[in-house]
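K.L.:
Right, I'll just put the structure down here and ask away after.
Readers should treat all values here as calculations from the given coordinates under stated rules, not as data from a laboratory. This is a predicted model, so every value here is computed, not measured. Heads up, the Cβs are rebuilt from the backbone with ideal geometry, glycines too, and the neighbour counts pull from every protein chain shown.
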Amino acid sequence: MQLKPLRDGYVRCETLMPLHGCFILQHPDMPTRRAMALLTEEGPLALSVTAESAQWIAGILAKAAADMRKAS
């Protein structure tokens, strides 16, 4: 994955928040997509995902989990 190049006047703001839950919900207007809701202390963050992006996310998380287990 490549990040978009920074632009003048554009600020990318990121914080680390604990994840309290995750739900995959049907999208009422797009049957080929799902809404992935990540529950944080600041409230939910909803992302629209396709089958391909969901599989990509699952692979990245599985690799990260394996790496974290090796490190502990």
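K.L.:
Short version: ³J(HN,Hα) in whole Hz for each residue of the stretch 33-43, in order, from phi by Karplus 6.51 cos²θ - 1.76 cosθ + 1.60 (θ = phi - 60°), x for Gly and Pro, what are they?
P.N.:
The phi angles translate into 10, 10, 9, 9, 9, 9, 8, 10, 4, 8, x Hz.
K.L.:
Suppose the chain between GLU52 and ASP8 were pulled fully straight at 0.36 nm per residue; how much longer would it get relative to their current alpha carbon spacing? Intermediate results must be reported in sequence, preceding the final value.
P.N.:
Numbers: separation 44, 0.36 × 44 = 15.84 nm, distance 3.22 nm.
Between GLU52 and ASP8, full extension yields 12.6 nm more.
K.L.:
If you don't mind, there's one more thing I want to ask. Can you bin every Cα-Cα distance in the stretch 19-71 into 10 Å intervals starting at zero and give me the percent of pairs per bin, rounded to whole numbers?
P.N.:
Distribution as computed: 24, 42, 29, 5, 0 percent.
K.L.:
With unit charges on the beta carbons (Lys and Arg positive, Asp and Glu negative) and the dipole taken about the Cα centre of the stretch 19-71, which residue among MET30, MET68, GLN55 sits farthest to the positive side?
P.N.:
Final value for the positive-end residue is MET68.
K.L.:
If I stretch the segment between GLU42 and GLN26 completely, what's the gain in nm (0.36 nm per residue apart, minus their alpha carbon distance), one decimal?
P.N.:
On the way: separation 16, 0.36 × 16 = 5.76 nm, distance 2.27 nm.
Here the segment from GLU42 to GLN26 would lengthen by 3.5 nm.
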